[in-house]
1. Suppose the filter is surrounded by fewer than 16 Cβ atoms within 10 Å (Cβ to Cβ), touching a residue at least 12 places away in the same chain (Cβ under 8 Å) and in contact with a strand residue (DSSP E or B) (Cβ under 7 Å, 6 or more places away or on another chain); does residue 384 pass it?
2. Could you tell me whether segment 429-451 includes any residue that is touching a residue at least 60 places away in the same chain (Cβ under 8 Å), assigned by TED's automatic domain parsing to the domain that holds residue 281 and closer than 30 Å to residue 148 by Cα?
3. Any residue in segment 24-36 that is under 19 Å from residue 125 (Cβ atoms), out of contact with any helix residue (DSSP H, G or I) (no Cβ under 9 Å at 6 or more places or on another chain) and surrounded by 13 or more Cβ atoms within 10 Å (Cβ to Cβ)?
4. Could you figure out which of (1) crowded, with 20+ Cβ neighbours inside 10 Å; (2) in contact with a strand residue (DSSP E or B) (Cβ under 9 Å, 6 or more places away or on another chain); (3) within 29 Å of residue 423 (Cα to Cα) isn't true of residue 183?
5. Are any residues in segment 230-246 over 17 Å from residue 330 (Cβ atoms) and not in a helix (DSSP H, G or I), and if so, which ones?
6. Test residue 335 against the criterion of being in contact with a strand residue (DSSP E or B) (Cβ under 7 Å, 6 or more places away or on another chain), buried (at least 24 other Cβ atoms within 10 Å of the Cβ), more than 19 Å from residue 367 (Cβ to Cβ) and in contact (Cβ under 8 Å) with a residue 24 or more places away in the chain, and give yes or no.
7. So residue 497 passes all but one of these: (1) under 30 Å from residue 325 (Cβ atoms); (2) surrounded by 19 or more Cβ atoms within 10 Å (Cβ to Cβ); (3) not assigned by TED's automatic domain parsing to the domain that holds residue 299. Which condition number does it fail?
8. If you take just the strands (runs of 3 or more DSSP E) that sit entirely in segment 290-409, which of them hold at least 3 residues that are within 21 Å of residue 218 (Cα to Cα) and in contact with a helix residue (DSSP H, G or I) (Cβ under 6 Å, 6 or more places away or on another chain)?
């Protein structure tokens with residue numbers, strides 16, 4: 001397993017405002033001597049009642065509290081995500097104790113710790129200084145990483161457009177190893193957690209940004225701002241370059257808008273790298289559906305339709321900041337899908353980059369058009385592997401809901417590696433088939449090489465994957481990840497906050513780190 005913390009700088013920068021809140025440090029002193037505003041200990045629940053962890057017993061004894069009976073009297077059961085606070089006394093230096101539930105000890109995983117950390121951050125969102133014990137029972141580094149990610153992401157607030165949001169927030173967290181934990185492993189886990197959380201925060205910030213502030217040319221400028229001072233080179237193909245190159249998908253989708261499309265290429269090429277991975281992200285900065293107009297209610301969250309491109313940016317930036325020994329090229333296919341007298345019409349035919357023709361029967365199936373151009377562009381770079389990410393189909397929500405992304409691949413090796421990364425990070429994927437022998441006729445066109453939609457009500461996510469596969473270079477291991485459900489949350493839960501989730505950037509970064517081993 002790759003350890004990012006081994007090469008992490010002292011502090012990474014993420015988010016459009018250039019800072020991360022809270023900050024995390026490996027605690028030097030004992031928990032009982034912590035002068036934080038609140039110290040946090042963990043408990044588990046069983047059918048027979050609450051089970052205290054070693055740290056909880058230590059704090060309770062020092063405070064002179066019969067903690068298990070006290071919590072039982074309060075009706076606190078230690079369920080996952082539960083949090084309650086008590087005033088301190090005795091030999092505990094902090095102002096208060098928070099008891100946080102991890103659920104059943106038998107069901108403890110890194111993802112449980114991550115979700116519990118998120119709920120803890122929400123419950124204590126106005127407490128500036130925390131001291132938190134790493135839950136024991138797991139690998140020390142993995143538990144510390146999950147704890148940091150959970151708190152950072154649970155504490156997230158998108159307040160770029162709030163003039164009066166000066167409420168107190170979590171500013172610093174001292175992380176205490178549990179009894180017997182290797183401090184070096186915990187330190188490494190903290191560093192890794194900061195990297196992953198920072199990438200997710202940047203992704204969230206970009207996806208939450210209002211569409212009028214991230215039109216294609218605005219977003220490409222923002223990309224340059226984000227990558228200033230890093231080892232990532234940025235190249236932007238604007239309308240003239242795309243026209244000369246025959247990028248008919250990008251040009252066609254943007255035809256209804258006065259905003260020109262952009263294909264932004266990010267290149268991180270460290271010395272000594274022997275493998276090259278291309279990441280492709282759908283970047284529809286606002287999707288009205290074009291002339292196949294969406295209902296008004298369906299447009300309300302369409303600022304999130306560039307979630308794949310945001311993931312690509314954040315992942316490449318993180319790879320450069322931690323110095324992964326892997327060449328990574330990111331391609332952000334940016335366009336705005338709007339209706340007008342110049343917009344493409346249902347039944348128009350577009351010639352894509354590379355020469356393949358596509359009959360457009362639904363202008364709201366636009367993401368696959370811009371991805372097609374980017375996949376051909378990426379294939380020409382002859383990578384060892386290529387992955388695209390896109391908020392592509394509503395059908396994936398029907399099939400898998402909003403907690404699991406759809407994965408399709410032309411290669412078992414890349415599919416297995418991505419699934420392993422998804423399990424490790426809690427950003428879950430499920431592999432779907434790509435049966436061209438069964439469903440090729442779904443995208444067969446009467447007038448062009450292929451059409452951009454399949455059969456109504458049948459295998460919509462798979463048809464989209466089969467469409468994209470047409471634009472992948474021969475012999476290149478490729479995977480398509482449909483994140484239409486993963487990228488957005490309608491309510492806060494665990495480490496997810498309402499709005500952009502940042503998923504699956506942590507999965508993608510973990511996969512890259514494993515490729516760099």
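1. Answer is yes for this residue.
2. Yes, there is a match, as at least one residue in segment 429-451 is touching a residue at least 60 places away in the same chain (Cβ under 8 Å), assigned by TED's automatic domain parsing to the domain that holds residue 281 and closer than 30 Å to residue 148 by Cα.
3. Our first condition is that a residue be under 19 Å from residue 125 (Cβ atoms); within segment 24-36, this holds for 24, 36.
Now restrict to residues that are out of contact with any helix residue (DSSP H, G or I) (no Cβ under 9 Å at 6 or more places or on another chain): 36.
Next cut, surrounded by 13 or more Cβ atoms within 10 Å (Cβ to Cβ) only: 36.
Within segment 24-36, one or more residues are under 19 Å from residue 125 (Cβ atoms), out of contact with any helix residue (DSSP H, G or I) (no Cβ under 9 Å at 6 or more places or on another chain) and surrounded by 13 or more Cβ atoms within 10 Å (Cβ to Cβ).
4. Here residue 183 clears every test but (1).
5. 238, 246
6. So residue 335 fails the test.
7. Of everything listed in (1) under 30 Å from residue 325 (Cβ atoms); (2) surrounded by 19 or more Cβ atoms within 10 Å (Cβ to Cβ); (3) not assigned by TED's automatic domain parsing to the domain that holds residue 299, residue 497 misses just condition (1).
8. On the way: elements: 327-337, 348-351, 357-360, 385-390, 405-409.
Output list reads 327-337.
The values are calculated or read from the model by the stated rules, or taken from the named source; none is laboratory data. Source: prediction; values computed, not measured. Methodologically, a virtual Cβ is constructed for each residue, glycine included, from the backbone with ideal geometry; neighbour enumeration extends over all protein chains shown.
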